[in-house]
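First up is the structure itself, then whatever we jot down about it.
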Amino acid sequence: MLKENFTMEILRLENFARAISLLPAKKSSTFLFRGHTNKNYLLSPSLFRKEGWQEAEKELLLGLISDSPNEFSADAHTIDWLVRAQHYGLPTRVLDFTTNGLMALFFACEPSSDGTDHDGQVRILEVDRTNIGYQNSDRVSIKANLAYLSSNEKVFLWHEVVEAKAEIFPEIDRWPTRYDPGFQDYLRRANQGENFQRLVHFIKTEKPYFENRIDPADIFQPSFFLPKRNNPRISAQSGCFAILGLDDNSQGKASTTSAADQLAVDTPHIRGEMVLNIPNDSKPRILEQLEIVGINIGTVYPELAKKAEYLKAQYDT
């Protein structure tokens, strides 16, 4: 198991390889990587970075689909819409990861979109393999369909959970599980709520078989999932995602800080974390080394325009 908050500094590609060699080799674990150009970035989906975006989640998603319906016509589930919307830059509750560490290192070293210079960072999460599902899993659907609830409905949903827990498990300061006596009563009590019923309505639209028996923990705890490989960029980048639900400490409104806390190492399915910091002046050398092993803008971003940009740069002398 990784040590909590294990941190290293990466100056060259060989330092990165050394860090990877320290990861425990266990078949029960999967390692997920995320690289960003600024080490001060939080491990938080874009939706939670601005309060206005959080408040307008429903309007953002439906507005994009309304404007460009043909782009979403092949999508069967809400999570498909969210992943596609994320691809086009819309703020969503989905957070990108990769199963390829070299991809994450590239993202940490590529030039910042705002032109500023910062130290980069790669975050590595050790996740219980059994807790990585697929794009159409019920747990993913529950959190994805929160996007259809208004801001007030999410707050009321939060209150319905709190009231059910206080009534059935007044002494427990954790999420009840199916092993706790009274758990079925707790499920029935929570799922009677008006906003639970509304959430189920949206889930049933894509999954008619879905039963009105949502475990409230699935609304709050994040889920990791492997996407469908129907997008060239997802395939090229070995993409994997986390989808976050509501924040269980702020009355249904996920704040920027608490959204990051949902992916902390004390969550049930995250076994540990490694943090790799990349000084800004080391980025060019690492990018040169990544080029040698075939990681560059043309392979990371397979769109034709990016490939042309890469090829043009090779002969810009």
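The values are calculated or read from the model by the stated rules, or taken from the named source; none is laboratory data. Predicted model, so just to flag it, every value in this text is computed and none were measured. A quick note on method: Cβ atoms are made from the backbone with ideal geometry, for glycine too, and the neighbour counts reach across all protein chains shown. Ligands, DNA and RNA are stripped out before the accessible areas are found, and what is left, the full protein with its side chains, is counted by its heavy atoms. Shrake-Rupley method; radii C 1.70, N 1.55, O 1.52, S 1.80 Å.
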Kindly establish whether LEU13 is farther than 17 Å from GLN86 by Cβ and in contact with a Phe, Trp or Tyr (Cβ under 8 Å, 6 or more places away or on another chain).
-> no
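Residues are listed down the side, and each one gets a yes or a no for (1) modelled with pLDDT of 90 or more; (2) more than 26 Å from THR130 (Cα to Cα):
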position	(1), (2)
ASN5	no, no
ILE10	yes, yes
LEU60	yes, yes
ASP80	yes, no
SER112	no, yes
Note on region 82-125: residues of a type in the set (Val, Ile, Thr), buried (at least 19 other Cβ atoms within 10 Å of the Cβ) and over 20 Å from LEU23 (Cα atoms) are VAL83, THR92, VAL94
Helices (runs of 4 or more DSSP H) fully within region 1-91 counting 2 or more residues that are touching a strand residue (DSSP E or B) at 6+ places or on another chain (Cβ under 9 Å) | 13-21, 78-87
Could you grab me the full set of residues in region 38-81 that are open to solvent by less than 20 Å² (accessible area, probe 1.4 Å) and in contact with a Ser or Thr (Cβ under 9 Å, 6 or more places away or on another chain)?
-> ASN38, SER44, PRO45, LEU47, PHE48, GLU57, LEU61, THR78, ILE79
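Which fully enclosed helices (runs of 4 or more DSSP H) of region 157-220 have 2 or more residues being open to solvent by 80 Å² or more (accessible area, probe 1.4 Å) and under 15 Å from LEU146 (Cα atoms)?
Numbers: elements: 183-191, 194-206, 217-220.
By residue number, 194-206.
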Residues of region 133-145 that turn out to be open to solvent by less than 30 Å² (accessible area, probe 1.4 Å) and over 13 Å from LYS228 (Cβ atoms), as a count = 5
